[in-house]
Amino acid sequence: MNYAHHVLTHLRKDLRLEWRTKDSINGMLFFALLVVVVLAMAFDPASYPTMTRQISGGLLCVAVLFAAMTALNQSWARETSNNVLDAHRLSAAPASALFVGKALANFLFVMAVEVVLAPIFTIFYNLHPLGETWKLLIILPLGTWALVVNGTFFAALSLRSRNRETLLPLVLLPISMPALLAMIQASTAVLTGEFEPTLWIKVLVAYVIVFTTTCVLLFQTILSAD
Amino acid sequence: MPKWALAYFGLTLIVMAYGFYAAMVAPKEATMGNLYRVFFYHLPHTILSFVFPYLNCAASFLYLYWRNRNVERAAAADAFALASAEITVLYASIGLATGMLWGRAAWGIWWAWDARMTTYLLLWLLYVSYLLVRRLSATGQTAVISAVLAIFAAIDVPICFMSIRWWRTQHPSAVFGGGDNSGIDPTMVPAVLWNMLAFAMWGAFLLGMRYAIERRRQRQSNAHALGFLGDEPGLSGGFRAAPSEAR
């Protein structure tokens, strides 16, 4: 059993759980849709196409972030019933494989939400992107991974705290601010076509590499925190 | 307080007084006049609030290293981490407040969402969230969780610091090492350095005091716990069986 095999096993388990319950995806999807509708009340997307182009990249990222946060807590709460988490701690498998598997599963869920949400966004906000749209295929997965990898880690960190629902956003939002900013800037660059997203993609890549490494290295400490 | 700490405190006050004097007699600035004098207060606080996070990070690493090796040292490292995080928040708050006052007077607005201010606000938010986590996390895990979070926050700080070169900025370019058209008049340098020294000494003093208080709290709660076990005269009064009952 090598490392990749452990990761795949965890990933398969999480995907199967989600396939049977569909809790996270349904919740996230509807929540993101609600955020889109609520934000449409803050401004008039139909009458101001230029302004819409300038801000809708940011709105999409924020909607995705909020939606992801609703699912992240649940993803670890599953492991607490029947003391599964203690079983994981006793297991000989590397702890970080559990983390990577779960982060990958969360990443796939959030990406699925984005795939549905992006067309809805385009229709509801009458969006006509002016830049090279294919670059979104790089930006969105990178940004999503940046948010999800830290989100999964901090959800595990706040798992046994007194009020974990409150704690996760308090920790996750300040730490992932650079990633969120880079994701927003890059997608705005693509939508408006006014500047190149290259610099911000580089920032995202650097952020992803640094924080994925940190999360993988420190997960063992968090899992056996007490 | 031990004698040397009192002497250090006195010395700090003298240096701070001299720093204040130097700031007030420094030459008037060409465009802003006397208004710029808040700079001597603003700059040391902002620079030092980028130093304390690294003390916090180092203490957190030491905590994680000593956690299963030397409990006493680990507790000391944890107390130091807490103290340095609190001083970070204090200095960053003062930096933000003086910056806003200055911005209002010099630019006409309290807050501009430029790179430096945004990233500096981010630093403040990071360490406020660190302190909140310390408060909210479950007892017994606080130290580990906050140590891990401190490492994450310290990694975030350079990203924050570098961003000055990535964004367009309204803030004057960096005072030290910002390229041409930056920097200050040589006649103002002594005042800047005296104030830097003064606030570094003051910060170190506060840090030491806070560390001592946290260590005392740790010892007290240990004594409390031992008092419950009954094998140590932990707390004066309470929790101990009366002599007659204990035989």
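The values are calculated or read from the model by the stated rules, or taken from the named source; none is laboratory data. The structure displayed is predicted, hence computed values, not measured ones. Because the Cβ atoms are built from the backbone with ideal geometry, glycine has one as well, and the counts that use them run over all protein chains shown.
Key figures for this structure:
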item	result
Given (1) touching a Ser or Thr at 6+ places or on another chain (Cβ under 9 Å); (2) at pLDDT 85 or above; (3) within 15 Å of A:Asp14 (Cβ to Cβ), number of the condition A:Leu147 does not satisfy	(3)
Residue in the stretch A:93-114 that is out of contact with any helix residue (DSSP H, G or I) (no Cβ under 8 Å at 6 or more places or on another chain) and within 30 Å of A:Thr9 (Cβ to Cβ) present	no
Residue tally, condition more than 7 Å from every other protein chain (Cβ to nearest Cβ) and among the β-branched types (Val, Ile, Thr), over the stretch B:120-150	3
Failed item, numbered, when A:Asp44 is tested on (1) part of a helix (DSSP H, G or I); (2) free of Cβ contacts under 8 Å to residues at least 24 places away in the same chain; (3) of a type in the set (Asp, Glu)	(1)
Among the residues listed as A:Ile175, A:Ile201, the single one being surrounded by 20 or more Cβ atoms within 10 Å (Cβ to Cβ), among the β-branched types (Val, Ile, Thr) and under 15 Å from A:Cys61 (Cα atoms)	A:Ile201
Test: residue in the stretch B:102-111 that is in contact with a Ser or Thr (Cβ under 8 Å, 6 or more places away or on another chain) and surrounded by 15 or more Cβ atoms within 10 Å (Cβ to Cβ)	no
Subset of the stretch A:149-164 that is more than 11 Å from every other protein chain (Cβ to nearest Cβ) and more than 14 Å from A:Val216 (Cβ to Cβ) - its residue that is surrounded by the fewest Cβ atoms within 10 Å (Cβ to Cβ)	A:Ala155
Residue list for the stretch B:56-80, filter: crowded, with 21+ Cβ neighbours inside 10 Å and among the aliphatic types (A, V, I, L, M)	B:Ala59, B:Ala77, B:Ala79
Residue within the stretch A:181-193 that is within 11 Å of another protein chain (Cβ to nearest Cβ), more than 13 Å from the chain's Cα centre (by Cα) and of a type in the set (A, V, I, L, M, F, W, C) present	yes
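Conditions tested, residue by residue: (1) at pLDDT 85 or above; (2) touching a Ser or Thr at 6+ places or on another chain (Cβ under 9 Å).
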position: A:Asp44; (1), (2): no, yes
position: A:Met51; (1), (2): no, no
position: A:Gly58; (1), (2): yes, yes
position: A:Ala63; (1), (2): yes, no
position: A:Phe66; (1), (2): yes, no
position: A:Met69; (1), (2): yes, no
position: A:Leu72; (1), (2): yes, yes
position: A:Ala77; (1), (2): no, no
position: A:Asn83; (1), (2): no, no
